[in-house]
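Structure, as structure tokens:
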Amino acid sequence: MIPTKIADNIYDVGVIDWNIRDFHGYSTYQGTTYNAFLIVDEKVALIDAVKAPFADQLIRHISQIIDPKKIDVVISNHTEMDHSGALPKIMAAVGADKPLYCSKMGAKNLSAHFSDPWNYHPVDDGQELSLGKRTLSFIETRMIHWPDSMFTYLKEDHILFSSDGFGQHYAGFEKFDDQAGSEVMVQAKKYFANILLLYAPRILKLLEKVVASGLQIDMICPDHGVLWRKDPGKIIDAYFRWSRQETEKKALVVYDTMWKSTEAMANAVAEGIASTGVKAKPIHIRSSHRSEIMTDVLDSAAVIVGSPTLNNQMFPTVADILTYMKGLKPLNRIGGAFGSYGWSGEAVKLVTAELEAMNFQIIGPGIRQLYIPGNDGIQACMDYGKQIGDAVNAR
Ligand code: FEO
């Protein structure tokens, strides 16, 4: 229940957002949480706030433990509004002159969001803050997820407050990894694919630095979803795999269709891929949210894209998913394109150019079929699928 005691005198006082279904364009079918942490020591610290509409709930949760005015320091690990929106109300409740610790970029970014003259204390990487019996150490983690992002490590308890890192959009009263079941890894993977993949090289460096430093981590407390207390190594291992962009023998066939011709081609390409022993998954774009498609891209060795030609262009929904994918920078994938057309038929060429721009290894010139693919056309798509499957197997 909330507040949740997570260790002696340490509480999660955050809130559950049961009903959010769209998080700046990312589908959140399981809702989410905005976690915030209260450490009661000789000094009392609040780590992170919540989204603005939940400010009163956060104050109520804090008040169940301690009078908010007794909070001595507020720490902002990340400026994004899901963690800072409630700060004006929180700082008013805590005392507007209380020190607000954040990274140097955090001070700049918070000032750009809020005009309040708060008592900013920008910190350096590795800087420490004593709370009395306990010590906080700040770790700069730029771009995980914004330039201002940092982690806060509680040295004596070996707890890492990791902001967006290791988070999942998962709402529930189950607060720990050992209580929430397998859905947590599903949501953690989706979170990485849609929020953090772009920063995979930085994340890998950070993970390597943390491992090399021998930092003991007994619990990871992200700002979204469950806290990793039973097996923090499980999510750290997954982050190593995902940030190295390790893929499986799996190929996605992502397509849209006007009169079911490109769909018939997609199914034939997928069948050809599957005949080589590679897992094949056709995904109709308008039947699946782009953030779900991106989650599948994360561990797919090949992404093959099908588009009809509409007004001399690729289909608009295909442009949408390609734009989204390009921004998240999946690397080292095999790519290919196919599609049905009526008269001009530019889509395959345009899609291929987009995949080339992502440095995908392109298989062949792609397959174009006039109007409705006949038996020969379907066979050509199956053969193309086999070519793609062979390329995946050859890796
Ligand atoms: Fe949960 Fe980047 O904010």
Normalised by the residues of the stretch 136-274, what does the relative contact order come to in percent, with Cα pairs under 8 Å and at least six apart?
-> 24 percent
Amide H neighbours of I20 at under 5 Å, excluding residues fewer than 5 places away on the same chain, with H built from the backbone geometry, are T32
Note, ³J(HN,Hα) from phi for the stretch 192-206, Karplus 6.51, -1.76, 1.60, rounded to Hz, x at Gly and Pro | 4, 4, 9, 10, 10, 4, 4, 9, 3, x, 5, 5, 4, 4, 5
The chain, Gaussian network, Cα under 10 Å: of P117, P308, P232, the residue fluctuating most is P117
Across 20 Å bins from the origin, how do the percents of Cα pairs in the chain run, short distances first?
-> 27, 46, 23, 3
Would you mind telling me the share, in percent, of accessible area of the chain contributed by carbon and sulfur at probe 1.4 angstrom?
-> 52 percent
3J(HN,Hα) from dihedral phi, the stretch 253-270, Karplus parametrisation 6.51/-1.76/1.60, rounded to Hz, x for glycine, proline = 10, 9, 8, 10, 8, 9, 10, 6, 6, 5, 5, 4, 5, 4, 5, 5, 4, 4
Of the beta bridges DSSP finds with both residues in the chain, what % are antiparallel, to the nearest 5?
-> 45 percent
Cα Rg, Dmax, the stretch 124-167, angstrom units = 10.7, 31
Can you grab the distance from the C-alpha centre of the stretch 335-395 to the C-alpha centre of the stretch 14-47, Å, no decimals?
-> 43 Å
Per residue, how many Å² of accessible area does the stretch 277-395 show with a 1.4 Å probe?
-> 45 Å²
As a check on your grasp of the helix formula, calculate [θ] at 222 nm for the chain: sum -39500 (n - 2.57) over DSSP H runs of n ≥ 4, divide by the residue count, round to the nearest 500.
-> -10500 deg cm²/dmol
Going down the list K70/K189; K104/K155; K5/K234, which pairs span over 31 Å between their C-alpha atoms?
-> K70/K189
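The values are calculated or read from the model by the stated rules, or taken from the named source; none is laboratory data. Only a predicted model underlies this, so the values are computations on that prediction, with no experimental measurement involved. Side chains are part of the model used for accessible areas, which takes the heavy atoms of the whole protein and leaves out ligands, DNA and RNA. Shrake-Rupley method; radii C 1.70, N 1.55, O 1.52, S 1.80 Å.
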